[in-house]
1. Out of segment 371-390, which residues are in contact (Cβ under 8 Å) with a residue 12 or more places away in the chain, open to solvent by 10 Å² or more (accessible area, probe 1.4 Å) and closer than 17 Å to residue 122 by Cα?
2. Starting from segment 187-200, keep only residues that are at positive phi, then list their pairs with residues that are of a type in the set (A, V, I, L, M) whose Cβ atoms are within a distance under 7 Å, requiring at least 6 positions of separation or different chains.
3. Can you say whether residue 74 is touching a residue at least 24 places away in the same chain (Cβ under 8 Å), open to solvent by 80 Å² or more (accessible area, probe 1.4 Å) and touching a His at 6+ places or on another chain (Cβ under 8 Å), as far as the supplied structure shows?
4. With 215, 223, 235 as the choices, which residue is in a helix (DSSP H, G or I) and open to solvent by less than 10 Å² (accessible area, probe 1.4 Å)?
5. Considering each residue of segment 423-438, count those that are part of a loop (DSSP other than H, G, I, E, B) and touching a residue at least 60 places away in the same chain (Cβ under 8 Å), and give that number.
6. Of all the residues that make up segment 391-413, how many are open to solvent by 10 Å² or more (accessible area, probe 1.4 Å) and of a type in the set (D, E, K, R)?
7. Could you tell me whether segment 147-155 includes any residue that is open to solvent by less than 40 Å² (accessible area, probe 1.4 Å), in contact with an Asp or Glu (Cβ under 7 Å, 6 or more places away or on another chain) and closer than 30 Å to residue 233 by Cβ?
8. Could you please let me know if residue 409 is outside any helix (DSSP H, G or I), within 22 Å of residue 313 (Cα to Cα) and under 22 Å from the mean Cα position of the chain (by Cα)?
Amino acid sequence: MSFPQSGQIDAASIINELLLLEDVAANVIPLQSEYGFSSNAAIYLLTDVDSVYRKLATVWRHLYKGGTWRPCINMTMNELPDSNGYIYVEANGGLNQQRTSICNAVAVAGYLNATLVIPYFHYHSIWRDPSKFKDIYDEEHFINTLKNDVRVVDKVPDFIMERFGYNMSNVHNFKIKAWSSIQYYKDAVLPKLMEEKFIRISPFANRLSFDAPSAVQHLRCLANFEALRFSNPIATLAEKLISRMKERSIDNNGRYIAVHLRFEEDMVAFSCCLFDGGEEEKQDMNAARERGWRGKFTKPGRVIRPGVIRMNGKCPLTPLEVGLVLRGMGFSNNTAIYLASGKIYKAEKTMAPLLEMFPLLQTKETLASPEELAPFKNYSSRMAAIDYSVCLHSEVFLTTQGGNFPHFLIGHRRYLYGGHSKTIKPDKRKLALLFDNPKVSWKALKRQLLNMRAHSDAKGIEIKRSNDSIYTYPCPDCMCRSNRSEVLKSPPAS
């Protein structure tokens, strides 16, 4: 069953397997050669699956195994001592890399007994989003939630700025190495802070080690899971889209699957993988790489091996592969899917088979009216925040590529759902071997995919290890164990 990026589909053998294994010969969907398959055959995908897997309610079987967890971030009630000065950070990257910076800035400011200035969002040529903090997050809620732990102000006071001639470039800027320990901040940053009363740190992404004392982890938990709430315009539209997804999932009691699909042109280009392998794709990708990462991929001596990248599981899944993964894992064509994504590369062609397999698939663009989306349309971080919110409340989240979006979302889902991420993370190394094997049968592929689904269920509840991210693994720093009777009494997460 070899796919377009590495060969032709052996459609005839697949059809025979399906007709033999599934007694639904009358219910098949032909995906014709217009989707990139061989012209002399088509792939047939079932419109029904084993009834035991039809309902999303049956997906997660390990929710209560070994007990479950509940949020337990203790709020500080003590009065804060006098501040040692003001810290100003520049948060770079996209929505969730900026989120890392915000939460780590809260932790550093609290540990150094400093006043944090609302982080400044650095404009980047890739994301091209000029949004400020208050455009994406509820600034008032952020300040009030942290008020007993960290002082936060929306701007530097005039009496401080006057000392520096109202020129930020006159303020001492720390260039801090990635993953520095909190002790470094105490030894190197605190003395200068106390001397100058105002310092800045730029850039600030990933400038604090994952491994930190409990006081630092407490502040990270508080910032990420309680203080950061999306601004009212984003939250209002997200709630409408969640409600509309539930209405479209009536056959599954309002449950739907969210898929984070990373098949935008910049991701396809950055991966250096081959998909249809044609001359047009090659030209598109070379142009995209030069626009986004001028010279990075054309340095003398750099060798790019797409086949090796694929075998290492580093290629983003195509829409077709996502459809096959979900159908092989037992999800029928009456399953409502929410697709979180930017602009899909060659969407008209690449999305067609996925839409054939899952006709109830929706995106923010199909769920919202043009008028509703207009205030967010040209702001990539605000659009990503809408996707994040709808994915957060899905019954199943399928992640198809690494990155900060699933990194934060998986942890946030654990925080809401008793410690279980309710997330499917397919083994992409194994998928590459399966998809590129022309002799693999549908029965064998399906068995492997069901095993992957079961493995994701078993790994849903995981405890943070020393160098893991607290944003992905909130247990035990942000959550406490509950016994089963407590869980059964408590209402479901909304």
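1. 379, 380, 382, 384 - these are the residues of segment 371-390 that are in contact (Cβ under 8 Å) with a residue 12 or more places away in the chain, open to solvent by 10 Å² or more (accessible area, probe 1.4 Å) and closer than 17 Å to residue 122 by Cα.
2. 197/160
3. yes
4. Values: 215 fails: open to solvent by less than 10 Å² (accessible area, probe 1.4 Å); 235 fails: open to solvent by less than 10 Å² (accessible area, probe 1.4 Å).
Of 215, 223, 235, the one residue that is in a helix (DSSP H, G or I) and open to solvent by less than 10 Å² (accessible area, probe 1.4 Å) is 223.
5. In the first step, residues of segment 423-438 are kept if they are part of a loop (DSSP other than H, G, I, E, B); the result is 425-427, 436-438.
The next check asks that each one be touching a residue at least 60 places away in the same chain (Cβ under 8 Å); those that pass are 426-427, 436-438.
Number of matching residues: 5.
6. Number satisfying all stated conditions: 1.
7. no
8. Details: outside any helix (DSSP H, G or I): no; within 22 Å of residue 313 (Cα to Cα): yes; under 22 Å from the mean Cα position of the chain (by Cα): yes.
It is false that residue 409 is outside any helix (DSSP H, G or I), within 22 Å of residue 313 (Cα to Cα) and under 22 Å from the mean Cα position of the chain (by Cα).
The values are calculated or read from the model by the stated rules, or taken from the named source; none is laboratory data. Bear in mind the structure is a predicted one, so any value in this text is a computation, not a measurement. Neighbour counts are summed over all protein chains in view; Cβ atoms, including those assigned to glycine, are modelled from backbone coordinates with ideal geometry. To get the accessible areas, we keep the full protein, side chains included, count just its heavy atoms, and leave off ligands, DNA and RNA. Shrake-Rupley method; radii C 1.70, N 1.55, O 1.52, S 1.80 Å.
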